[in-house]
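Structure first, commentary second.
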Amino acid sequence: MPNEKDRNLSPEEGSEEKKYSFLQETIKPKPISREQFVKQLARFAVYGVILGVFACLGFFALKPWIEDKFEGDAKTVTIPEDEEPEEGGDSTAEEDPVPVANADSYEEMMASMNERAAEARKGIVLIEPVKTEADWKEEMTGISTGAAGVITADNGQELLILAGDSVCEEASGWTVTFRDGKKYSAALKKQDKNSGLAVFSVPRRDIANSTWSAVKVSTLGNSNLVKQGDTVMALGNMFGYADGLGYGMVSSTDYKEAFFDGECDILATNIPAESQGTGVLFNMKGEVIGLIPETVWDDSESSMVNAYAISDLKPIIELLANGESVPYIGVYGTTVTAQLKEEQGMPGGIYVVDVDPDSPAMAAGIQSGDIIYAVGNDNVVNIGSYQNAVLKTRAGQQILFEGRRIGAEGYVDVDFYVTVGNRE
């Protein structure tokens with residue numbers, strides 16, 4: 001029951017008392033001195049540095065694992081097709097003046113050529129099988145027994161190097177020496193024993209920054225534009241030792257090298273070479289126009305630089321660079337010319353000169369003397385069209401070969417169902 005005093009309070013007085021009853025005391029923090037502020041700021045800075053150091057250490061420690069786990073897929077390597085040569089030329093164009101032949105002009109010319117060679121050299125490497133024992137002769141002379149290769153492509157994960165497959169024999173591992181002299185382990189990406197080509201790979205993440213600044217991916221030129229008399233330079237192991245350089249000219253473009261299921265133009269030069277030498281042939285723009293294998297024609301101790309024309313190899317290089325097998329049938333053939341058609345009544349296509357033993361062609365029943373005029377959906381009119389048709393197939397695929405075989409009453413049609421193979 002309310003007392004008398006409470007009853008005598010006015011409404012205004014009651015509300016005022018209630019209002020004051022909710023007031024709370026506020027304690028103000030002690031002001032921070034300038035010295036304390038500086039110390040606190042320094043403390044935060046130290047914490048930030050420590051956190052940054054641990055973050056960097058963690059990043060570099062986990063970087064290899066992250067790259068292995070989350071590395072993107074390798075890009076498909078595409079070798080651009082050659083452009084068709086322009087017909088004719090501008091007859092009204094002014095001819096360049098002929099330079100005066102003297103010592104100064106010769107030195108200027110050689111300086112310009114050496115500058116171009118130095119740039120082209122960035123794409124040349126030395127490939128060697130891993131040695132199980134010390135090579136004392138190499139130690140004494142400095143002459144290594146590897147093969148020259150050319151950096152052909154970069155698929156985002158690997159640098160891909162084209163070379164002859166002579167270094168693949170009885171080897172399980174390889175090293176690649178780049179232009180800066182550093183050696184890296186390499187793996188065999190793919191090999192084709194039929195054409196004698198191989199592509200090796202070096203992981204991009206293994207390559208140091210100093211090496212990247214000293215190398216480049218070479219440009220594959222159009223060897224179909226090369227003419228007799230063109231100035232060329234050969235780089236590689238043509239003389240029996242690494243890092244050789246030779247200048248000369250193309251002496252002939254009229255000859256070919258035949259192999260099973262195709263052929264390749266040969267760029268012959270007047271540059272001397274050791275018979276087992278390997279290298280790369282460049283035009284004066286620094287473009288690759290040929291691959292110099294071990295001796296093409298001559299087995300003697302001395303020979304000239306003869307190179308496989310790079311344009312004829314591009315479809316094979318693209319397959320190898322993407323880790324795909326090069327199709328192989330095993331037919332050694334030649335084009336049935338118009339003269340043979342007229343004189344001997346032979347049908348058009350390619351004439352089978354020989355068949356490789358234990359080959360898909362032999363297993364399918366193809367014989368010497370047969371004429372093949374179709375591969376799958378492609379008509380065959382010469383060795384070039386036959387080679388292109390075969391390269392469209394894939395190892396393990398069964399393809400219909402349509403041909404003709406001579407009989408008692410002339411040529412009769414015969415079909416062959418060939419299971420495409422490879423030579424790796």
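The values are calculated or read from the model by the stated rules, or taken from the named source; none is laboratory data. What you are looking at is a predicted structure, and each value in this text was computed from that prediction instead of being measured. Here Cβ is always computed from backbone atoms with ideal geometry, including for glycine, and neighbour counts include all displayed protein chains. For the accessible areas, the whole protein counts, side chains as well, though only heavy atoms, and no ligand, DNA or RNA atoms are used. Shrake-Rupley method; radii C 1.70, N 1.55, O 1.52, S 1.80 Å.
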Computed over region 330-384, Cα set: Rg, Dmax in Å: 11.3, 34
5 angstrom amide H check on GLU274, placed H, neighbours 5+ away: PHE239, GLY240
Overall dimensions of region 202-317 as given by Cα atoms, namely Rg and Dmax in Å: 14.8, 44
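By how many nm would the segment from SER251 to GLN276 lengthen if fully extended, with 0.36 nm per residue of separation less the alpha-carbon distance?
Value of the extension gain: 7.0 nm.
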Of LYS256/LYS285; LYS285/LYS392; LYS189/LYS227; LYS75/LYS392, pairs whose Cα-Cα distance is over 29 Å: LYS285/LYS392; LYS189/LYS227
Förster-model FRET efficiency, 56 Å R0, GLN397 and GLN40, C-beta, rounded to 0.05: 0.15
Computed FRET value (nearest 0.05) for ASP378 with ARG116, which takes r as the C-beta separation and R₀ as 41 Å: 0.50
Residues of region 306-329 with amide N under 18 Å of a point placed 7 Å along Cα→Cβ from THR419: 325-329
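Counting only other residues whose beta carbon sits under 12 Å from that of ALA147, what net charge do I get with K and R as +1, D and E as -1?
Local charge sum for ALA147: -4.
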Within region 153-214, GluC sites (Glu not before Pro) in DSSP loop having at most 13 other beta-carbon neighbours inside 10 Å: GLU169, GLU170
For ALA153, residues with placed amide H under 5 Å, excluding near neighbours: LEU160
ASP73-ASP230 FRET efficiency (beta carbon distance; Förster radius 35 Å; 0.05 resolution): 0.30
Per-residue HN-Hα couplings for region 119-128 [Karplus 6.51, -1.76, 1.60; θ = phi - 60°; Hz; x = Gly/Pro]: 5, 5, 4, 4, x, 9, 10, 10, 10, 10
Span from the region 161-204 Cα centroid across to the region 264-324 one, whole angstrom: 16
Charge tally in the Cβ shell below 10 Å around GLY330, where Lys, Arg are +1 and Asp, Glu are -1, GLY330 excluded: -3
Base-10 log of normalised Debye intensity for region 266-424 (one unit scatterer per alpha-carbon) at q = 0.15 Å⁻¹: -0.92
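Which percent of the accessible area of region 160-257 is formed by carbon and sulfur heavy atoms (probe 1.4 angstrom)?
Whole-percent figure for carbon plus sulfur exposure: 44.
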Calculated from backbone phi, Karplus (6.51, -1.76, 1.60) coupling profile of region 212-221 in Hz, x at Gly/Pro: 4, 6, 10, 10, 7, 7, 6, 8, 7, x
Region 168-287: relative contact order in percent, alpha carbon pairs under 8 Å with at least 6 residues between: 20
Whole-number percent relative contact order across region 151-199, with pairs defined as alpha carbons under 8 Å at least 6 apart: 34
Backbone HN-Hα couplings from phi across region 306-318 [Karplus 6.51/-1.76/1.60, Hz, Gly and Pro as x]: 10, 10, 5, 5, 5, 4, 6, 9, 4, x, 5, 4, 5
Label zone at SER210 (point 7 Å along Cα-to-Cβ), backbone N below 11 Å, region 162-197: 180-183
